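Below you'll find the structure, written out as structure tokens, and then a few comments.
Nothing in this text is a laboratory measurement; each read-out follows from the coordinates by a stated rule. Just so you know, these numbers come straight off a predicted model, no measurement behind them. Cβ: placed from backbone, ideal geometry, glycine included. Neighbour counts: every protein chain shown.
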Ligand code: TXA
Ligand code: MG
């Protein structure tokens with residue numbers, strides 16, 4: 001185990017998972033691995049714990065958080081599940097799909113976690129450690145990515161330590177995240193299923209189950225629905241330049257497919273491998289030895305949509 005000021009990083013053994021559960025029940029925050037990225041967990045039914053998540057992340061506004069459960073049955077008392085949601089849960093849970101559903105009557109989820117909306121974003125993660133932590137806590141867990149607001153998401157325990165060290169008590173180390181980009185966020189609260197955030201489950205996979213095309217948020221509708229979704233995000237310190245064929249003088253080149261570059265997301269041109277490597281690569285190239293990070297084109301299909309979404313936000317003008 002490694003000690004930062006006030007923050008312990010511990011292997012996710014049964015003893016530390018049990019301790020994490022006790023801390024969460026006591027209203028404290030614990031970072032833990034999921035198959036997508038590391039999450040910063042707090043009791044989703046406790047306003048104080050949820051407020052502490054916003055404070056630790058330094059989120060400028062109260063964006064709604066994803067609520068994590070360990071079993072489909074646990075979702076029943078929190079949200080209203082229709083036939084579309086049930087079909088998607090059967091196909092993709094546990095896994096990187098978050099569903100935005102109407103809040104159930106009497107749902108114990110903190111209104112702060114859902115930012116006062118009448119919907120709740122809910123997901124059942126595929127990582128054994130994540131589910132073990134939720135079970136140990138015995139309650140639904142709100143968990144945004146375990147990084148300071150606007151920064152690159154963490155895919156290892158060390159990334160979490162770099163970002164949140166000194167701000168939280170415990171980081172459970174479960175190794176690198178398999179998927180590497182966040183869950184897909186699908187809004188099922190209205191008649192037309194709407195893809196709010198591309199992620200680990202592709203639009204094509206969802207459309208095949210629903211036998212229906214997904215709508216996309218317009219700039220106008222997205223603002224109230226998912227505050228913060230259009231801002232600069234996932235940003236390294238260096239500027240990011242997209243669709244680069246070669247590096248300009250002094251730039252690092254993040255490659256895709258067979259090519260000469262500083263670092264390659266996937267030499268084979270494999271989108272799953274590229275997604276898993278994305279955030280660690282952005283962190284590694286975010287080095288003052290370079291003037292900027294140039295990124296080779298990534299195909300806009302399948303997981304490439306999630307990768308390009310994160311890259312466009314990393315390249316967006318900073319406020
Ligand atoms: O993969 C993931 O989903 C990770 C891991 C830790 O599970 N979590 C994550 O949480 O990415 P966060 O808080 O960084 O992202 C939450 C996303 C935001 O885009 C937010 O706007 C949207 O979900 N969201 C949450 N609740 C919502 C709601 N009620 N309506 C619309 N969008 C919502
Ligand atoms: Mg995030």
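With the convex hull of its Cα atoms as the shape, the range 141-197 has an orientation-averaged projected area of 5.1 nm². If R0 is 30 Å, the Cβ-Cβ spacing of residue 204 and residue 135 corresponds to a FRET efficiency of close to 0.40.
For the pair the range 1-80 and the range 88-106, the centres of their Cα atoms are 18 angstrom apart. In whole percent, what relative contact order does the range 240-315 give with Cα contacts below 8 Å and a gap of six or more residues? Averaging sequence separation for qualifying contacts and normalising by length gives 40 percent for the range 240-315.
In the chain the Cα-Cα distances spread across 10 Å bins starting at 0 as 6, 28, 36, 23, 7, 0 percent of all pairs.
From most to least packed by mean Cβ count within 10 Å, the peptides 36-46, 191-201 give 36-46, 191-201.
Centre-to-centre, using Cα atoms only, the range 147-213 and the range 233-287 are separated by 19 Å. Quarter the surface of the alpha carbon convex hull of the range 120-214 and you get the mean projected area, 7.4 square nanometres. Sequence-distant contacts, meaning Cα pairs under 8 Å at least 6 residues apart, place the relative contact order of the chain at 20 percent. When both bridge partners sit in the chain, DSSP labels roughly 50% of those beta bridges antiparallel.
Across the range 240-315 the C-alpha pair distances fall into 10 Å bins from zero in the proportions 21, 60, 18, 0 percent. Across every pair of non-identical alpha carbons in the range 1-147, the mean reciprocal distance, once inverted, gives a Kirkwood radius of 15.2 Å.
Would you please give the FRET efficiency between residue 270 and residue 22, computed as 1/(1 + (r/R0)^6) with r the Cβ-Cβ distance and R0 = 35 Å, to the nearest 0.05?
The pair residue 270/residue 22 has a calculated efficiency of 0.30.
For the range 160-319, the spread of Cα positions along the three principal axes, ordered from largest to smallest, is 50, 42, 34 Å.
Label zone of residue 232 (point 7 Å out along Cα→Cβ, amide N under 13 Å): in the range 134-157 this covers 150-152.
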